[in-house]
1. Please determine, by comparing only the residues of region 63-74 that are in contact with an Asp or Glu (Cβ under 9 Å, 6 or more places away or on another chain) and not charged (D, E, K, R), which one is modelled with the highest pLDDT.
2. When the residues of region 63-82 are narrowed to those that are surrounded by 15 or more Cβ atoms within 10 Å (Cβ to Cβ) and hydrophobic (A, V, I, L, M, F, W, C), which ends up nearest to residue 168 (Cα to Cα)?
3. Within region 83-99, count every residue that is part of a loop (DSSP other than H, G, I, E, B) and either buried (at least 23 other Cβ atoms within 10 Å of the Cβ) or modelled with pLDDT under 95 (or both).
4. Of everything in region 31-47, what is closer than 21 Å to residue 177 by Cα and aliphatic (A, V, I, L, M)? Give them in sequence order.
5. Hey, does region 31-42 have a residue that's modelled with pLDDT of 85 or more, within 30 Å of residue 153 (Cα to Cα) and either surrounded by 14 or more Cβ atoms within 10 Å (Cβ to Cβ) or in contact with a helix residue (DSSP H, G or I) (Cβ under 6 Å, 6 or more places away or on another chain) (or both)?
Amino acid sequence: MFVFTDQERYFDAWPAGISLPGHERLATSGVSFGQHYCAATMCTSSRAVMLTGLQTPDNGMFENADMPYVKAMSTSVPTIGHLLRRAGYYTAYKGKWHLDAEFNREPVTHVLTERMDAYGFSDFGFPVDSLAHDLGGYTTDAVIGGTAQSWLRDTGRPMADERKPWALFVSLINPHDIMYFNTDEPGEHVQDTGKLLMQAARAPEQAVYQQKWN
């Protein structure tokens, strides 16, 4: 199972006073890559490199997929899904894709049954790319995680019992929420008064979001 987040900074060690038990459990029970670099600064470009192993000039994704002049990543570009399928793995994908803007405009049945299969993945679930703004991670990551858990229970476990190899890719939105986060104090002059694609949002009334560090 390959779990990846959006816009998360890499730390060699967490700052003093911060504990992230979920991260720590994944690090101790899974595989961590200590020597790596970010291949591109844009979301679409970065994930295209990660999922294809090809640099930006070769995978063709120079800009974020939701820009009107950007075409979807070609299905002729081999992904890790294609490669694993050739090796005999059943491949599934849950969560944010952001390599084809049409995912947010086409009928859901098309997205569910056809489009992701052409990229080498099955069992996509539902498109969440259009929700990856404002508090998209806060409202959607639990659903992505829940569908991944259901897949592991209903599909992954039975396949493992039959010794059939599988690969599940889980693409979470957060900590992307910070990109559209309003840092103004309550009552302070709001700074985002210009024309914006998305308005900055305040932290929701939830314990994790209300924590403060000095």
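1. Within region 63-74, the match that is modelled with the highest pLDDT is 73.
2. 80
3. Looking only at region 83-99, we keep the residues that are part of a loop (DSSP other than H, G, I, E, B), and these are 87-89, 96-99.
Filter again for either buried (at least 23 other Cβ atoms within 10 Å of the Cβ) or modelled with pLDDT under 95 (or both), leaving 96-99.
Final tally of qualifying residues: 4.
4. 40, 42
5. The answer is no; no qualifying residue exists.
The values are calculated or read from the model by the stated rules, or taken from the named source; none is laboratory data. The structure displayed is predicted, hence computed values, not measured ones. Glycine gets a Cβ as well: all are built from the backbone with ideal geometry, and neighbour counts include every protein chain shown.
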